[in-house]
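Data first, discussion second: the structure below is written as structure tokens.
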Amino acid sequence: MGAGMGAAPRTETFVDQRLAVDVTGRPLRLRPVDLDRFFRPRTVAVIGASDTEGRPGARITAQLRAWSERVGARMFPVNPKHAEIGGLICHPDIASVPETVDLAVVLVGDPQEVMADLAAAGVAFAVVFADGFAESGPDGVEAQRRLAEIATGGPLRLLGPNTNLNAFETFRDDLDGRSIALITQSGHQGRPVFAAQEIGIRVSHWAPVGNEADLETADFIRYFADQPEVGVIAAYVEGFKDGRTFALAADHAAQQRKPIVLVKVGRTESGARMAASHTGKLTGQDRVASAVFRQFGVTRVDGLDELIDTSQMFARTTRPRADGVCVYSISGGTGAHMADLAAAAGLALPALTAGTQESLRTWIPGGLTVSNPVDNGGHPAGDERGRKIIDSILADPNVGVLVCPITGAFPPMSDRLAQDLVDAAETTDKVVCVVWGSPSGDESAYRDILLKSHRIVVFRTFGNCVTALRAYFDYHRFRDNYDSPFDDVARTHSPAAAKARRLLTTGKPLSEHSAKQLLRTYGIRVPREQLVTSAAASVRAAGLIGYPVVMKACAPQLPHKSDLGLVRPGLRSASQVRDAYREIVETAREHGAGRLEGVLVCQQVDKGVEMVVGISHDKLFGPTVTVGLGGMFVEVFDDVAVGVPPFGPYEVRRMLGELRGLKCLHGMRGRPPADMDALVDVVMRVQRMAFELGDDLAELDINPLMVMPRGGGTVALDALAVAR
């Protein structure tokens with residue numbers, strides 16, 4: 001039973017102890033949260049309660065009283081200006097309330113002083129509606145910080161400020177099936193999801209997190225993932241208080257097999273700017289947020305209509321029994337259209353088995369398609385043949401989902417078809433989806449038959465149906481292969497970390513030679529090379545390394561040596577090496593490059609695929625790892641994938657699968673396949689660096705990382721590193 005649906009047994013919900021540190025080992029502020037006391041309190045205090053007609057406080061007080069009665073809580077009005085409100089004794093302050101308060105709703109304009117009193121009285125939760133905090137500018141940020149301090153260290157937890165009454169709405173208790181639990185950072189954006197109850201979609205909870213001065217999206221994700229009645233968590237997110245706590249919560253939801261579907265704004269500069277002005281949120285780099293969503297199986301959608309449809313898909317379904325989708329229609333054109341969209345989205349439309357096709361041919365006239373999509377021509381849907389066709393398709397071992405697009409109402413045939421689909425859905429463990437295409441939506445087949453079923457997944461557009469189906473199959477494939485990356489995170493750093501830190505000086509860049517030493521400490525192969533300070537030494541070094549060689553100027557202040565003409569490749573003789581040394585030193589002097597550490601004489605490595613692997617920092621999610629096509633292609637095509645530590649080899653391969661240039665690694669135009677296993681190993685080692693050196697290493701750029709043909713490993717030909 002969800003919030004707003006009557007009193008229910010209370011369960012203790014606590015944060016797992018392993019979540020006490022973030023991915024870099026620093027403590028996270030994730031105190032135990034018993035949100036049952038928020039959603040199903042025994043006692044509620046309304047601070048600033050009113051019954052003055054026409055005042056907003058009177059309307060809110062009345063709503064909170066009605067909500068308290070529904071959840072079985074006792075409500076205590078608090079206002080020194082009233083002796084009685086609505087027949088209830090009104091207390092002058094929170095200290096006068098005769099019972100310990102689980103939930104206090106603060107209606108006063110300045111909550112600072114009230115919050116201190118609530119903390120002193122042992123109140124468990126406070127909700128602050130007032131705005132004018134982080135969303136309003138620097139002064140508001142400071143005011144919100146002071147407000148949050150009151151909720152730090154003690155038992156009081158704060159929802160808000162800049163929130164609303166959404167948590168205290170009336171939720172329908174006459175709808176069956178698993179529910180949607182909703183989290184929003186804008187109450188208005190959650191309205192369509194809440195209103196979906198009117199078309200039979202169950203919603204059980206709504207958490208309007210506001211500015212997240214204390215309680216945040218992650219707290220509610222974790223709580224909702226533990227609620228047995230919740231089938232999916234839907235969210236409208238403008239930004240994150242701490243991206244790392246979101247990752248930990250999403251990991252918990254994945255382990256509980258509770259899908260998360262969200263709209264995340266901030267893809268563009270305009271969207272990010274508006275989010276900051278609305279709730280004071282930092283949106284972070286959208287590419288990084290998308291990477292986190294991918295790693296933890298979070299489905300990202302663009303519109304609120306997709307949020308509703310994809311969420312109901314998860315709430316009304318279980319794990320697919322097969323990967324195939326069968327399109328069944330009464331029109332060949334409709335079936336072809338639906339099948340085309342499904343196939344373009346990457347959904348599998350397998351041919352039905354020979355036995356199934358033989359059965360279908362018994363009921364479907366000759367000349368119509370019975371393989372997939374299935375076209376019955378119309379008339380069989382109006383008699384007993386219609387149910388037999390549906391049952392036969394659902395019995396096919398290749399089919400996990402049946403999709404029936406009905407583009408228009410044509411009673412009584414459409415009524416019979418809708419009822420057959422509903423009845424069949426009650427007898428199968430497979431998924432039945434219907435697309436009702438009529439724009440009016442007031443037909444009996446739609447309102448009285450399809451929407452009354454909690455087993456049928458009903459859509460209004462082909463596109464939303466395909467989007468939800470793809471999310472459904474993607475999530476379950478993800479979950480079948482998911483192992484929490486936090487389970488394998490070592491709590492102690494490797495010996496390489498101590499060696500690496502000795503190479504780092506706060507805020508300073510490393511020379512290429514030092515950056516490669518950093519790579520060596522983590523077992524990443526670099527070419528044979530020597531740092532020399534004379535032409536004679538360069539010739540000796542080239543002889544030891546073996547021709548051909550590459551020579552480069554080496555100094556911390558020279559991150560892009562090629563741009564200054566300070567690289568000489570393809571040197572094959574002592575005279576060329578001697579001349580190259582002199583030219584590099586002279587060119588560096590002409591460009592005012594400053595003092596050189598020396599000149600690097602390096603083994604030349606040509607045969608392979610140039611990649612880039614690097615580390616950077618996101619203001620919300622911390623250290624990130626990037627992999628993509630290297631050399632000049634990273635700047636020209638920006639073909640890279642991002643991961644946020646920790647992650648495993650399976651995730652690295654998924655990252656590589658996102659690259660448009662993946663074919664280069666698989667081999668093309670006579671070139672052999674690249675050593676993918678070695679590339680995955682390097683990315684995992686770089687991830688370890690990001691994990692262990694997150695506080696000390698601001699940036700790492702291995703470009704190019706030469707990935708040799710299969711079995712040949714990798715070689716880091718150049719590297720740039722900057723200490724934090």
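The values are calculated or read from the model by the stated rules, or taken from the named source; none is laboratory data. What you are looking at is a predicted structure, and each value in this text was computed from that prediction instead of being measured. Cβ atoms come from the backbone with ideal geometry, glycine included; neighbour counts cover every protein chain shown. Just the protein is used for accessible areas: all its heavy atoms, side chains included, with ligands, DNA and RNA removed. Shrake-Rupley method; radii C 1.70, N 1.55, O 1.52, S 1.80 Å.
Structure notes:
- For the range 164-187, the count of residues that are in contact with a Pro (Cβ under 6 Å, 6 or more places away or on another chain), part of a loop (DSSP other than H, G, I, E, B), under 20 Å from residue 70 (Cβ atoms) and in contact (Cβ under 8 Å) with a residue 40 or more places away in the chain is nonzero.
- Only a single item in (1) out of contact with any helix residue (DSSP H, G or I) (no Cβ under 6 Å at 6 or more places or on another chain); (2) loosely packed, with under 14 Cβ neighbours inside 10 Å; (3) of a type in the set (S, T, N, Q); (4) at pLDDT 50 or above is not met by residue 17, and it is number (4).
- The single condition among (1) out of contact with any Lys or Arg (no Cβ under 7 Å at 6 or more places or on another chain); (2) free of Cβ contacts under 8 Å to residues at least 60 places away in the same chain; (3) surrounded by fewer than 24 Cβ atoms within 10 Å (Cβ to Cβ) that residue 196 does not satisfy is (2).
- Close Cβ contacts (under 7 Å, 6 or more residues apart or on different chains) running from residues in the range 378-396 that are assigned to a helix (DSSP H, G or I) to residues that are basic (Lys, Arg) comprise 381/416; 382/416; 386/416; 394/430.
- Filter pass, residue 453 being touching a residue at least 60 places away in the same chain (Cβ under 8 Å), assigned to a loop (DSSP other than H, G, I, E, B) and not β-branched (Val, Ile, Thr): yes
- With respect to being within 42 Å of the chain's Cα centre (by Cα), open to solvent by less than 20 Å² (accessible area, probe 1.4 Å) and either closer than 15 Å to residue 339 by Cα or not hydroxyl-bearing (Ser, Thr, Tyr) (or both), residue 418 fits the description.
- A search for C-beta distances below 8 Å between a residue of the range 97-121 that is within 17 Å of residue 153 (Cβ to Cβ) and any residue that is among the acidic types (Asp, Glu) and surrounded by 13 or more Cβ atoms within 10 Å (Cβ to Cβ), counting only pairs 6+ apart in sequence or on different chains, returns 117/93.
- Summed over the range 329-361, residues that are touching a helix residue (DSSP H, G or I) at 6+ places or on another chain (Cβ under 8 Å), in a helix (DSSP H, G or I) and within 17 Å of residue 391 (Cβ to Cβ) total 3.
- Restricting the range 137-177 to residues that are among the polar types (S, T, N, Q) and in contact with a strand residue (DSSP E or B) (Cβ under 7 Å, 6 or more places away or on another chain), the residue that is nearest to residue 72 (Cα to Cα) is 166.
- Count of residues meeting criterion [part of a helix (DSSP H, G or I), open to solvent by 80 Å² or more (accessible area, probe 1.4 Å) and of a type outside the set (Lys, Arg)] in the range 119-153: 4
- For the range 582-620, the candidate set comprises residues that are in a strand (DSSP E or B) and charged (D, E, K, R); within that set, the residue that is farthest from residue 558 (Cα to Cα) is 618.
- Selection from the range 312-328 of residues that are part of a loop (DSSP other than H, G, I, E, B) and open to solvent by less than 50 Å² (accessible area, probe 1.4 Å): 316, 317, 320, 322
- Scan of the range 481-501 for residues that are open to solvent by 50 Å² or more (accessible area, probe 1.4 Å) and either at pLDDT 95 or above or not in a helix (DSSP H, G or I) (or both), ordered by number: 481, 483, 491, 492, 493
- Residues that are at pLDDT 95 or above, of a type in the set (A, V, I, L, M) and closer than 19 Å to residue 471 by Cβ occur at least once in the range 323-335.
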